[in-house]
Structure formats: structure tokens, C-alpha cells
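Accompanying notes for the structure given below.
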Amino acid sequence: MIFKRHVELQKGELDITPLIDVVFQLLIFFMLTSSFISPAGIRINLPSASSGKPMTKQNMIIFVTGENKVMVDGKEVNLKGLKAKIKAAAKAESHILINADKESQLGGVVEIWDLCREAGISNLNIATEKKTTEGGAL
């Protein structure tokens with residue numbers, strides 16, 4: 001086999017067509033894989049508290065909206081469905097976080113709290129926002 005020992009580069013000629021092809025392919029790839037639709041969320045206005053601490057672990061989040069709708073995993077559930085999910089979480093020894101809107105009725109939150117305690121959930125928390133130091137009457 002004979003190999004060339006001396007290769008000379010031609011000055012002034014640079015073919016950037018392959019570079020442009022790669023850039024366009026990357027652009028098309030990212031356009032197709034990224035999602036332009038924002039995920040549907042649940043709007044919750046959390047009450048504020050000065051004694052709140054961040055949770056280190058959470059496995060199940062229960063949302064209570066301002067209209068007193070109960071949602072788990074982004075889906076609205078009734079009382080029977082909520083009981084089943086709480087019992088499953090109790091068997092798995094999960095932590096539960098209740099995100100209740102400050103406009104929701106306290107009775108609904110207490111009912112959820114009771115369901116969790118009856119099922120044997122020992123790690124139960126209610127989400128709050130950090131209270132600012134500037135005044136705020138109860």
C-alpha cells in the first residue's frame with residue numbers, strides 16, 4: 001500500500017455545505033422534539049406561613065382548588081377515588097402533601113386530612129408559601 005506522505009492544503013477553498021446541513025438538521029430535531037404547548041396546570045394560591053420548612057420527600061400530592069375540587073395527578077377525583085388512592089399510598093408508606101388553595105373551604109381539607117389519618121398515613125403535610133416579614137394581620 002502506498003500512502004501519500006505530503007498533503008498540501010489549498011488556501012481559499014472551504015466547503016461549508018456540510019456544516020450548514022448539520023446545523024439545519026439540529027434545528028429541525030430540536031423544533032420537533034421540543035413542546036410548544038405549556039402543560040395544563042392547577043392554579044393554587046397557597047396560604048402563607050412563617051414557620052414552614054421545605055419537604056425533603058414527597059410521593060403523592062393532593063390539590064384542593066378554590067372551587068373545592070380535589071385533584072390527584074392532575075385528574076379530578078371523587079371521595080371514593082381519593083380513598084382508594086390514599087389507601088394505596090398508605091400501603092406504600094408514601095408521604096402526602098396537600099396543596100389547598102387559600103380560598104378553599106377548611107372542611108374539605110380537614111376531611112382529606114382525616115381520610116389520610118384513618119388510612120394510617122404518618123407523613124402528611126400541608127403546602128404553604130413563605131410569609132414575608134412585613135406585617136400581615138390574621
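Results for (1) part of a loop (DSSP other than H, G, I, E, B); (2) surrounded by 15 or more Cβ atoms within 10 Å (Cβ to Cβ); (3) in contact with a helix residue (DSSP H, G or I) (Cβ under 9 Å, 6 or more places away or on another chain); (4) modelled with pLDDT under 80, shown as yes or no for each residue.
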residue	(1), (2), (3), (4)
20	no, no, no, no
23	no, no, no, no
41	yes, no, no, yes
81	no, no, no, no
109	no, yes, no, no
When residue 27 is run through (1) farther than 27 Å from residue 107 by Cα; (2) hydrophobic (A, V, I, L, M, F, W, C); (3) modelled with pLDDT under 70, the failure sits at (3)
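The values are calculated or read from the model by the stated rules, or taken from the named source; none is laboratory data. Quantities reported herein were computed from a predicted structural model and do not represent experimental measurements. Note: ideal-geometry Cβ built from the backbone for every residue, glycine included; neighbour counts use all protein chains shown.
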